[in-house]
Every structure is written in C-alpha cells, then in structure tokens.
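The values are calculated or read from the model by the stated rules, or taken from the named source; none is laboratory data. All values reported here derive from a predicted model rather than from experimental measurement. Heads up, the Cβs are rebuilt from the backbone with ideal geometry, glycines too, and the neighbour counts pull from every protein chain shown. SASA here: full protein model, heavy atoms, side chains in, ligands and nucleic acids out. Shrake-Rupley method; radii C 1.70, N 1.55, O 1.52, S 1.80 Å.
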Amino acid sequence: MAHLGSARRRALAVPVGLALTASLALLPSVSASAAPLDGTAGTATAPKATADGPKLSYVANLNAYATVKAAKKAIERAGGTVVTAYEQIGVVVAHSQNPDFAKQLRAQRGLFVSVGATRTAPMQAVQTTDEGATQRLSEADAAKAAAQAQEGQEPLEPNQWDLRTIKADEAHKINDGSQDVTVGIIDTGVDDTHPDLAPNFSKGQSANCVGGVADTTEGAWRPYPDGSDHGTHVAGTIGAPRNGVGISGVAPGVKIAAIKVSEPGTSLFYTEAVVCGFMFAAEKGIEVTNNSYYVDPWLFNCKTDNDQKALVEAIGRATKYAERKGTLHVASAGNSNQDLAAASLEDTTSPNDTTPVTRTIDPKVCLDLPTQLPGVVTVSATGDKGLRSYYSSYGLGVVDVAAPGGDKWQVPATPDANGRVLSTVPGGYGYKQGTSMAAPHVAGVAALLKSAHPSASPSQLQAMLKAQSTKATCPAQIYDATGALINATTCQAKWGQTGYYGYGVVDALKAVK
C-alpha cells in the first residue's frame with residue numbers, strides 16, 4: 001500500500017492483544033441515567049470552548065453506562081461537531097477546532113473512557129501523489145502466459161505461482177466457493193468495472209467510508225481517478241472468477257465487496273474511516289474482511305498516549321462488534337522486516353501525516369492496528385521458494401499464518417519469471433509484492449472454509465486456518481533486501497509455531513475437503 005501492505009510499509013501493517021474490558025461489551029444505549037455533562041456530581045459547567053486551533057477529527061469512546069445523547073451534548077459544549085455515532089459500540093466521531101477539545105472531554109469521566117485525535121495534521125484538501133509501485137503486465141508477457149495455459153486454466157494463470165503454492169488450483173476442481181459468502185476489501189477502493197472482477201462484485205455491500213460515514217452511492221467505492229490500484233489488486237487475488245479472462249482468484253466463486261477507507265491523494269487510512277469500515281461490514285453481513293494496511297498516522301499506537309489509546313479502543317470495539325456479528329478479520333503483518341514479538345522496536349515513521357519522530361516502543365503496549373488486535377488473523381509473506389519474504393514483518397506468537405506475498409529475489413519457473421504476485425489493476429493486470437498481497441490469499445482460503453462450513457464462527461474459521469496450514473520450520477537462510485542469502489538467525493520456534501510462518505502456510509485444498 002502506499003503505506004499499505006505492499007509498498008509503503010515497510011507495508012502496511014500490525015501483535016498482541018488488547019483486552020477490552022467486560023464493560024465495553026455492554027451497549028451504551030442500555031444505560032438508565034446519564035451523568036452530568038461535565039462528569040461531575042453536581043454541576044453541568046464546563047470550560048469555555050475555543051475555536052482557534054487546527055480542525056482535527058476525534059474519536060470519543062463512551063463508558064458502559066453513558067448515553068450517546070449525553071455524549072453528543074458534551075461534544076457540542078466543548079466546541080465539537082458530531083459526524084456520526086455508533087451506539088452499538090459507544091463510539092462517536094467528531095470534528096473540532098478547540099485545541100483543548102480532547103482534554104475537556106477526558107475530564108468528563110462519567111461519559112468518556114478515552115478521547116483522541118485521529119490525525120496530527122489539520123483536515124484539509126490533500127494533494128495527489130504518485131504510487132509507482134506496480135509493474136504492469138506487458139502484452140508480450142500476457143501472450144507468453146496465454147500460450148502456455150493448459151485446458152481449464154485462465155489465460156494468465158501460468159504466471160500465478162502463488163495459487164499453486166497454496167494448492168488453490170487443485171481446490172478449484174472441487175469447490176470454487178459460494179456466492180453466499182462475501183469478502184469485504186477494506187482498502188483504497190475496487191474497480192468493479194474490471195471484466196475480471198465485475199461478475200463477483202457485490203454493490204449492495206460496498207461503500208466509501210472516508211470521513212467516517214458510509215456513502216453507498218453508485219461507484220463511491222471505486223478508487224479515486226488519481227488514486228491507488230492497491231485495493232483492486234487485492235480484490236483479484238481473493239475473488240477473480242474463472243471466466244476465461246485473465247487470472248483466477250483464490251476463491252473464484254465467492255462475492256467481493258469494496259469498502260474504501262483511504263484519503264484521496266495520500267492514501268492514508270484514518271481511524272474514523274476504518275471504524276466505519278468494520279461497522280459497515282458487520283451490518284451488511286460480510287463474512288470475511290481483508291485488511292492490507294495499518295491505521296495512520298501511527299505505525300504503532302501506544303496505549304500510554306491519550307490520543308493513541310483512544311484509537312486502539314475505538315478500532316478494537318469495532319472489530320469485536322463485527323466478530324460478534326460473524327465477521328472474520330484478516331490483516332497483513334507489515335513490510336518493515338521487524339520482529340513484532342521483540343522486547344522493543346524503533347519506530348522512525350510516525351506520525352506519517354506530519355513530521356515523524358524517532359521513538360522506541362514496546363510492541364506489547366504499542367499496537368500495529370488492526371493486525372495486533374485480538375481475534376484478527378495476522379499474516380506474514382512468503383515467496384516462490386517458500387522462504388519468508390525479505391520485507392515481511394514476523395514474530396513468534398504474533399503471526400498466525402503465512403501466505404504468498406511475493407519476493408523479487410525468489411524467482412519462479414513461470415513464463416514471466418516474476419517473483420511478485422500478479423493480479424488485477426484498473427485497466428489491466430500488474431505485479432505487486434508485500435504482506436498486502438499475502439493477506440488476501442488467507443482471506444480467500446477463509447472464504448472457501450466459510451463456503452464449506454456455513455455455520456462456522458470467526459473463531460472456528462481461524463482455528464481451521466491454523467490447523468490446516470502446511471507446517472513450515474525455520475529455514476537456514478533467507479534473502480535480504482539486496483538479494484543476498486543470509487542466516488535466518490531471527491527465526492524462533494515454539495509451541496508448534498515459528499516467528500516467520502506462525503502455524504504454517506495456508507492450504508486451500510484442505511479448506512474445500
């Protein structure tokens with residue numbers, strides 16, 4: 001992603017669980033009485049709100065017994081404007097130019113558990129940027145692949161080493177997946193007019209969540225004209241149909257939906273949009289979400305910081321709500337080549353919407369979102385030779401499973417000899433590499449599992465993904481960023497898992513059997 005799983009992170013994103021308190025599972029709307037607006041026992045006074053600061057977006061997380069009505073009044077008194085409120089999880093999105101907005105609301109403990117700004121830069125029109133990460137498939141390479149396609153294969157399938165790695169090609173002979181299952185692609189938007197995506201696209205389950213409110217008007221879910229092809233690439237890997245055109249997805253029989261959450265120009269993923277994405281997926285009955293990104297502007301969100309703590313809480317509530325509604329979340333581990341189980345890590349990229357400041361963080365306290373949230377399937381990337389991709393983050397007890405994400409140094413014996421992942425992009429096909437490309441392989445296998453086991457819960461699907469994975473031991477060597485083979489000294493193994501591959505590489509054939 002630009003900061004997405006494939007390109008910018010280094011790519012995308014996120015390991016240990018944040019445990020929401022039992023009280024957070026209660027719906028705020030069930031409270032019988034509201035606390036005074038300022039959270040004190042006998043007065044409704046509050047500091048005077050000012051409006052001379054930058055306009056920022058905030059998430060305000062209610063306590064278990066506060067009402068949304070009381071919270072809205074408090075927000076307005078503090079100089080805020082309510083954008084939307086999710087009563088199901090007690091999260092309100094608001095805008096304010098009051099520099100003390102969050103501080104004033106945090107003081108009202110009768111209403112709020114946490115309040116935080118979702119960004120460090122003022123809200124304003126953003127300028128376009130060039131992505132430049134995709135290698136377009138040339139006509140010559142397309143013709144070469146089509147000439148080698150065997151009976152039953154899609155024209156470009158000879159170049160899809162990734163499908164064969166997880167035995168998806170064999171799985172398709174048994175079951176392509178069910179149209180009763182939808183994978184929601186929370187990303188930069190999907191080009192549903194692409195001929196290799198249109199047959200499986202679900203418009204009724206698609207939206208643009210940028211800003212925090214779902215826009216379901218026709219085409220709102222598509223990439224910006226000057227925007228990223230990232231979401232469209234992810235979509236093809238998951239659900240491109242077997243229709244005699246281009247490629248095949250891992251689950252070519254399931255439906256795909258687009259939930260756009262990236263800002264125009266920057267492709268940044270802010271909390272209010274991501275919360276909207278998870279809530280929309282839950283309410284629309286989406287069975288699996290793919291999350292090939294991390295939530296900006298913080299690569300790691302520290303629960304010791306008031307603002308970042310609120311972001312962790314808001315997104316954690318949204319993912320848990322969706323899980324209770326039957327949605328499994330799959331997320332990329334990130335492209336930073338970092339050990340997410342280490343005692344400490346150096347973060348040099350946050351915040352990425354203003355000026356980054358180098359900081360040392362504890363990944364058990366500072367979480368990569370959404371990948372490190374409880375219940376989310378965390379995915380590392382591998383290449384054609386089965387080795388961890390040189391860029392992929394990892395971590396014993398953090399990574400759940402691995403899948404093909406591509407590695408330019410692990411060159412396959414395909415017509416194009418390209419170690420990256422081939423998939424759909426607006427106007428054609430292209431190659432990308434990253435944990436952004438690994439996660440959709442897992443989301444596709446999860447969709448096959450859900451097709452075979454319609455009543456399976458998200459936790460049961462996750463257990464099957466792990467149990468059916470092909471075990472992989474720590475390798476002796478891996479490729480580094482320069483293409484040199486180095487000793488794999490950073491791989492640890494315990495409890496039948498490894499830090500590089502988790503429980504193993506997912507297996508589509510076992511999923512349909």
**Item:** Cross-link partners of K494 among aspartates and glutamates (Cα-Cα below 19 Å; sequence separation of 8 or more within a chain)
**Value:** D339, D400
**All aspartates and glutamates inside 12 Å of K255 as judged from Cα atoms, apart from same-chain residues fewer than 8 positions distant** = D176, D180, D192, E287
**Debye equation applied to the C-alpha atoms of segment 281-323, log10 I(q)/I(0) at 0.13, 0.19, 0.30 Å⁻¹** = -0.34, -0.67, -1.08
**Prompt:** Hey, if we sort K309, K255, K325 by accessible area with the 1.4 Å probe, largest down, what's the order?
**Reply:** K325, K309, K255
**Prompt:** What residues qualify as long-range amide H neighbours of T371, i.e. H under 5 Å apart, gap of 5 or more or another chain, H built at 1.01 Å from N?
**Reply:** V14
**Message:** Given all pairs of different Cα atoms, what value in angstroms does the Kirkwood hydrodynamic radius of segment 155-196 take?
**Reply:** 12.9
**Complete:** Diffing segment 137-144: the Karplus 3J(HN,Hα) column from phi (6.51, -1.76, 1.60, θ = phi - 60°), in whole Hz with x for Gly and Pro, holds 6, 7, 4, 5, 5, 5, 5, 4
**Asked** What order do you get for 337-344, 113-120 when each peptide is scored by the mean count of other beta carbon atoms within 10 Å, highest first?
**Response** 113-120, 337-344
**Message:** Percent of Cα-Cα pairs more than 37 Å apart in the chain, please.
**Reply:** 24
**Request:** Place +1 on the Cβ of every Lys and Arg and -1 on the Cβ of every Asp and Glu in the chain, take the dipole about the Cα centre, and give the residue among A403, G116, A481 whose Cα lies farthest towards its positive end.
**Result:** G116
**Item:** Amide H within-cut-off set for V425, under 5 Å, with H built and near neighbours excluded
**Value:** G430
**Complete:** For segment 189-200, Karplus-derived ³J(HN,Hα) couplings (6.51, -1.76, 1.60; θ = phi - 60°; whole Hz; x for glycine and proline) come out as x, 10, 7, 6, 8, 4, x, 9, 10, 3, x, 10
**Request:** Write down the accessible area per residue of the chain in Å², having rolled a 1.4 Å probe over the full set of protein chains.
**Result:** 35
**Fill in**
To the nearest 0.05, the calculated FRET efficiency linking E87 and W495 through their beta-carbon distance, R0 being 35 Å, is 0.30
**Prompt:** Length gain on complete extension for the stretch E170 to A343, per 0.36 nm per residue less the alpha carbon to alpha carbon distance?
**Reply:** 58.1 nm
**Complete:** Percent antiparallel among DSSP beta bridges confined to the chain, rounded to 5, stands at 60
**Message:** With n ≥ 4 as the cut-off for DSSP H runs, can you work out [θ] at 222 nm for the chain, using -39500 (n - 2.57) per run divided by the number of residues, rounded to the nearest 500?
**Reply:** -6500 deg cm²/dmol
**Prompt:** Round to a whole number: what % of the accessible area of segment 95-184 belongs to carbon and sulfur, probe 1.4 Å?
**Reply:** 44
**Asked** What full-extension length gain, to one decimal in nm, is calculated for K69 and T216 as 0.36 nm per residue of separation minus the Cα-Cα distance?
**Response** 50.3 nm
**Complete:** Phi angles of segment 437-451, converted by Karplus (6.51 cos²θ - 1.76 cosθ + 1.60, θ = phi - 60°) into ³J(HN,Hα) in whole Hz with x for Gly and Pro, give 8, 6, 4, x, 5, 6, 4, x, 5, 4, 5, 5, 5, 5, 5
**Asked** If you count, for each residue, the other Cβ atoms within 10 Å and average over each peptide, how do 347-358, 496-507 line up from highest to lowest?
**Response** 496-507, 347-358
**Item:** Cβ crowding within 10 Å averaged over residues, with 181-189, 472-480 ranked highest first
**Value:** 181-189, 472-480
**Message:** Using Cα-Cα distances under 8 Å and only pairs 6 or more residues apart, what relative contact order does segment 134-199 have, in percent?
**Reply:** 14
**Request:** Using amide H atoms built 1.01 Å from N in the peptide plane, name the residues 5+ places from C302, or on other chains, whose amide H lies under 5 Å from its own.
**Result:** L367
